[in-house]
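Okay, structure first, notes after.
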């Protein structure tokens, strides 16, 4: 072998010796990148799982809110009905109070029409059947609303 071949062979060995540390460094970097990719995939999977759980929780919350909304709407409807019933009873009570007042005034001497018989306070006039049914229904509804049930 001549000196040019020896020189080329020495240059090649020197180049390989310089490339070896760079190759090792590159191999470590690729290993770290593969490891980071696995961690990134695990992170993405965790995020996906958390998103699914959040969506399921939102669906449960939405269902609970809709149920509560329906319950409130039912209670409002019942309250409207009770308000109308109470308004009716108030009107009836005012009419009865007026009749009672007129009866009391008529029973006093010197007031009211002469010759009229005093109104007996011991026996109130019988209530109409519709009024009795309404009072019974109101009592039943109020007991249910208070949780007593019948």
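Overview of values
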{"item": "Potential lengthening between residue 18 and residue 51 on full extension [0.36 nm per residue; Cα-Cα distance subtracted]", "result": "6.9 nm"}
{"item": "C-alpha center-to-center spacing [the stretch 1-27, the stretch 37-96] in angstrom", "result": "77"}
{"item": "Residue 133/residue 68 FRET efficiency (R0 25 Å; Cβ-Cβ; nearest 0.05)", "result": "0.15"}
{"item": "Difference of contour (0.36 nm per residue) and Cα-Cα distance, residue 100 to residue 76", "result": "5.1 nm"}
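Since every read-out is calculated from the coordinates, none of them should be taken as a lab result. Remember, it's a predicted structure, so these values are computed and weren't measured experimentally. Because the Cβ atoms are built from the backbone with ideal geometry, glycine has one as well, and the counts that use them run over all protein chains shown.
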